[in-house]
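The values are calculated or read from the model by the stated rules, or taken from the named source; none is laboratory data. Predicted, not measured: the structure shown is a model, and the values here were computed from it. Reconstructed Cβ throughout: ideal geometry from the backbone, glycine too, with neighbour counts over all protein chains shown. The accessibility values were calculated without ligands, DNA or RNA, using every heavy atom of the protein model including side chains. Shrake-Rupley method; radii C 1.70, N 1.55, O 1.52, S 1.80 Å.
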Amino acid sequence: MTQALRPDRLRTFVGRIASLVDAAAPEAQLLDAGAAALRELIAHDDWLPDAFAQPDPERYQQFLLHADSAQRFSVVSFVWGPGQATPVHDHTVWGLIGVLRGAEIAQAYRVAPDGALQEHGAAKRLDTGDVDAVSPGIGDIHRVSNAFGDRTSISIHVYGANIGAVSRSVYPAGGGRKRFISGYSNDVLPNIWNVSKESSIS
Ligand SMILES: [Fe+2]
């Protein structure tokens, strides 16, 4: 990328999500307003540093971009190599998913009264610019895959917790559930706070 990056876009998004969380609005309102903010963030592909956009040949990557100081929310980039997919998993908190590059397929699941895992509705294709939501209230179990077998896709997610530290579940094909804490793929975060440098450029 030859143009200077626009870290202000992620900073603005973080500020908007923090305001929504501060306001303690009902979840449906938070998801609506948060989705609008996420749509604005992913409308431009000029702000994600390359270090947080790198696929790994072995597995999808989950890079932390920002964590709220009280762990009330976190923002991550998910980087899918060609053909990569998550296991069926849940989140236990609200989450918004917006596609920045490429496209993804999201298949929702539910646990039937007898404990069996069932597909819930048809698979959804999310193209660049599309936003989807999850939460225990609206449907929290899904499997997400790169829609492409020959290129990388990237989505930006925001969750109502420090998602890499949340104890949640994956649902193996053989039935039951397994405890899962995802962690993150990175040890350093993008610097969105170098405000004086930004103003000296423009
Ligand atoms: Fe997910």
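Key figures for this structure:
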quantity	calculated
Contour minus Cα-Cα distance for Glu27 and Asp50 (0.36 nm per residue)	5.0 nm
Expected 222 nm ellipticity per residue - DSSP helices of 4 or more, -39500 (n - 2.57), all of the chain, to 500	-6500 deg cm²/dmol
Calculated FRET value between Ser69 and Lys197, using beta carbons and R₀ = 35 Å, to 0.05	0.95
Accessible area expressed per residue, the range 117-170, with surrounding protein chains retained (probe 1.4 Å, Å²)	42
Carbon plus sulfur fraction of accessible area for the chain, probe 1.4 Å, in percent	51
Kirkwood estimate for the range 1-80, i.e. one over the average of 1/r between Cα atoms, Å	13.9
Cα-based helix-to-principal-axis angle, 27-42 vs the chain, degrees rounded to 10	50
Alpha carbon convex hull of the chain, projected area averaged over orientations, nm²	12.1
Net charge dipole size for the chain [Lys, Arg +1 and Asp, Glu -1 on Cβ; Debye, nearest 20]	260
Between 0 and 90°, nearest 10: helix 7-23 axis offset from the chain longest Cα axis	60
Highest average packing first - 86-98, 60-72, Cβ atoms within 10 Å	86-98, 60-72
Stretchable slack from Ser167 to Thr12, in nm (0.36 nm times residue separation minus alpha-carbon distance)	52.9 nm
Spin-label pair His120/Arg59, simplified geometry with 7 Å Cα→Cβ offset, distance in nm	2.5
Dipole of the range 41-128 [Lys/Arg +1, Asp/Glu -1 at C-beta], most positive-end residue of Gly81, Ala103, Leu126	Leu126
